[in-house]
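Worksheet: one structure, shown below.
The values are calculated or read from the model by the stated rules, or taken from the named source; none is laboratory data. Treat the numbers as computed from the prediction; the structure is a model and nothing was measured. Here Cβ is always computed from backbone atoms with ideal geometry, including for glycine, and neighbour counts include all displayed protein chains.
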């Protein structure tokens, strides 16, 4: 039989009644003749509840307690896999649940942000051959020493896609609380439209730039193995959004496929650093060592042979990054360190940009007309990102959605 991997997020398994509805969806897929592996998240806000408990014990667990925090957080999914398997058995189907360590989802040693190294599919294959529905805990794995690890934000998506790739599934279906991937955040932009198809490249940009429907690491896996992903709603029968290779999408792509926005940004600027080789490494090295991801980077050289070095990080990392820069400022000869954690990033994404000029100028003109100042710009072949003041984010998104006619299926350049 062909295999389908289905992933259900926290809102889809938020209660026993929700889990029963999930079980019926899984059974419907099984009755169509597919083998099924189900990957689930913790119920509703359970991971947040467990995290709050941890912080009651120690306000800042840090690296010393990182192992124990992963042990705690991984229990949320264990509850869900057991309840779903029990529900499937009650409904007359064979089912078996697995934690990440039982599957042996081998990861590196980085607690809370572990990356998958390999997956042992032996147990899964045996169960499928025996006619069982397999239910796997998302978000978790185990390192080479047997320590439980968690994969970080969006980890269940990554688990599902990785298993689907290893098991050579026909499709990986990601069930969530929205109909699919939208042209923009529908809570922010009235008229935002659910997209029928996207390329891996477009979805990777949208996911990495702030679209919370699907995690970027999951898309990376899918793209590497050319595994189609379908984003669907757990609460209706809409066809969702298919994410696949560019060869499998329309010949003529829209100029812009979507707008990604994120408020979780912070900007730091190191002023007056000598413009000499190695200065960027001196600034970013200690930040990388602290496992902080840097996003956009701009370097400006002044007439006096000094440089101003500006970059963005996730807002949660702002205080730690500022502390690191303050400590290294003397050694790098910095004149001043400035920070701003009230910024946001907005990005236009679309493979249609490859064959059309003038997208940037139209974008900048729209923002200028709304008196929105651009603080940083980053571009690639299929995306343009700008950093603006957070208070203008919704206004900018609505104006650009209208400018590029994204509410229309037939929008073009």
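Somewhere in region 301-320, is a residue touching a helix residue (DSSP H, G or I) at 6+ places or on another chain (Cβ under 6 Å), surrounded by 15 or more Cβ atoms within 10 Å (Cβ to Cβ) and over 26 Å from residue 363 (Cβ atoms)? No, that holds for no residue. From the set of residues in region 283-300 that are surrounded by 18 or more Cβ atoms within 10 Å (Cβ to Cβ) and in contact (Cβ under 8 Å) with a residue 40 or more places away in the chain, which is farthest from the chain's Cα centre (by Cα)? Applying the filter and picking the extreme gives 283. Condition (residue is modelled with pLDDT of 90 or more and part of a strand (DSSP E or B)) applied to region 208-229: is it met by at least one residue? Yes, region 208-229 contains at least one residue that is modelled with pLDDT of 90 or more and part of a strand (DSSP E or B). Criterion first (surrounded by 17 or more Cβ atoms within 10 Å (Cβ to Cβ), modelled with pLDDT of 95 or more, closer than 30 Å to residue 352 by Cβ and not assigned by TED's automatic domain parsing to the domain that holds residue 316) does residue 142 satisfy it? No: the conditions fail for residue 142. Residues in region 121-137 that are modelled with pLDDT of 95 or more and surrounded by 13 or more Cβ atoms within 10 Å (Cβ to Cβ): 124, 125, 127, 128, 132, 133, 134, 135, 136, 137.
Could you list all residues from region 97-120 that are assigned to a strand (DSSP E or B) and either surrounded by fewer than 14 Cβ atoms within 10 Å (Cβ to Cβ) or out of contact with any helix residue (DSSP H, G or I) (no Cβ under 9 Å at 6 or more places or on another chain) (or both)? Outline the logic, then answer.
In the first step, residues of region 97-120 are kept if they are assigned to a strand (DSSP E or B); the result is 97-98, 105-107, 116-119.
Of everything in region 97-120, those that are assigned to a strand (DSSP E or B) and either surrounded by fewer than 14 Cβ atoms within 10 Å (Cβ to Cβ) or out of contact with any helix residue (DSSP H, G or I) (no Cβ under 9 Å at 6 or more places or on another chain) (or both) turn out to be 106, 117, 118.
Once region 28-59 is narrowed to residues that are in contact with a helix residue (DSSP H, G or I) (Cβ under 7 Å, 6 or more places away or on another chain) and in a helix (DSSP H, G or I), the residue that is surrounded by the most Cβ atoms within 10 Å (Cβ to Cβ) is 47.
The criterion of being touching a helix residue (DSSP H, G or I) at 6+ places or on another chain (Cβ under 9 Å) and farther than 28 Å from residue 318 by Cβ holds for residue 402. Determine whether residue 64 is in the same structural domain as residue 12 (by TED's automatic domain parsing) and either under 24 Å from residue 171 (Cα atoms) or in contact with a helix residue (DSSP H, G or I) (Cβ under 9 Å, 6 or more places away or on another chain) (or both). So residue 64 fails the test.
Among the residues that make up region 186-193, is at least one of them buried (at least 20 other Cβ atoms within 10 Å of the Cβ), within 18 Å of the chain's Cα centre (by Cα) and touching a residue at least 40 places away in the same chain (Cβ under 8 Å)? No: zero hits.
Considering only residues that are without any contact (Cβ under 8 Å) to a residue 24 or more places away in the chain and closer than 30 Å to residue 27 by Cα, look in region 49-86 and name the one that is farthest from the chain's Cα centre (by Cα). Among residues in region 49-86 that are without any contact (Cβ under 8 Å) to a residue 24 or more places away in the chain and closer than 30 Å to residue 27 by Cα, the one farthest from the chain's Cα centre (by Cα) is 86.
The numbered conditions (1) within 16 Å of residue 146 (Cβ to Cβ); (2) assigned to a helix (DSSP H, G or I); (3) touching a residue at least 60 places away in the same chain (Cβ under 8 Å) are all true for residue 124 except (1). The numbered conditions (1) more than 23 Å from residue 185 (Cβ to Cβ); (2) modelled with pLDDT of 90 or more are all true for residue 243 except (1).
Does residue 214 count as in contact (Cβ under 8 Å) with a residue 12 or more places away in the chain, within 30 Å of residue 102 (Cα to Cα) and in contact with a strand residue (DSSP E or B) (Cβ under 8 Å, 6 or more places away or on another chain)?
On the way: in contact (Cβ under 8 Å) with a residue 12 or more places away in the chain: yes; within 30 Å of residue 102 (Cα to Cα): yes; in contact with a strand residue (DSSP E or B) (Cβ under 8 Å, 6 or more places away or on another chain): yes.
Yes; evaluated as a whole, the condition is true for this residue.
Taking the listed residues 393, 406, the one that is modelled with pLDDT of 95 or more and either surrounded by 17 or more Cβ atoms within 10 Å (Cβ to Cβ) or within 26 Å of residue 302 (Cβ to Cβ) (or both) is 393, with no other qualifying. Given the criteria in contact with a helix residue (DSSP H, G or I) (Cβ under 6 Å, 6 or more places away or on another chain), crowded, with 19+ Cβ neighbours inside 10 Å and not in a helix (DSSP H, G or I), does residue 23 qualify? Considered against the rule, which asks whether it is in contact with a helix residue (DSSP H, G or I) (Cβ under 6 Å, 6 or more places away or on another chain), crowded, with 19+ Cβ neighbours inside 10 Å and not in a helix (DSSP H, G or I), residue 23 comes out as no.
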